Amino acid sequence: MKYDLIITELKTDIIRGRYEPLSRLPTRNELARRFSTTLATMQNAMDILTKEGFIDSRGRDGTFVVEPPTFQYRVWLAPLAAISFFETQSTCPSQYPISAPLLWRILYKA
């Protein structure tokens with residue numbers, strides 16, 4: 001469904017820092033235009049993001065990124081960290097085998 005793609009994109013934006021913790025997100029109308037979708041689809045995506053703990057809707061005040069990052073952030077961060085790591089490599093193999101210890105070092109710079 002389209003709202004799954006919107007959810008993934010917004011989670012990525014939050015995790016990578018496009019939207020800082022406690023910052024206000026664009027309005028649903030603005031986001032619907034950005035994703036070329038209807039307000040109903042945008043509302044479904046926002047509802048799911050709220051249930052998953054990424055954002056908090058405060059009525060007329062707007063929708064804000066939750067602080068501090070919850071467990072879900074870490075779950076989403078793992079694949080993004082692997083992608084970021086391999087984006088910096090000069091060669092891009094077709095598959096990226098990565099071990100759990102290596103991923104842990106990438107995530108937590110251990």
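The values are calculated or read from the model by the stated rules, or taken from the named source; none is laboratory data. All figures in this text were calculated on a predicted structure; none of them were measured in a lab. Please note: Cβ atoms are built from the backbone with ideal geometry, for glycine as well, and neighbour counts cover all protein chains shown.
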Handout entry: Enumeration of residues in region 1-53 that are within 14 Å of the chain's Cα centre (by Cα), over 18 Å from Val66 (Cβ atoms) and surrounded by 12 or more Cβ atoms within 10 Å (Cβ to Cβ)
Key = Tyr3, Leu5
Handout entry: Those residues of region 17-56 which are more than 13 Å from Leu5 (Cβ to Cβ) and among the hydroxyl-bearing types (Ser, Thr, Tyr), in sequence order
Key = Tyr19, Ser23, Thr27, Thr38, Thr50
Problem - Unique residue being out of contact with any strand residue (DSSP E or B) (no Cβ under 9 Å at 6 or more places or on another chain), at pLDDT below 90 and among the β-branched types (Val, Ile, Thr) when the list is Ile98, Ile14 - result: Ile98
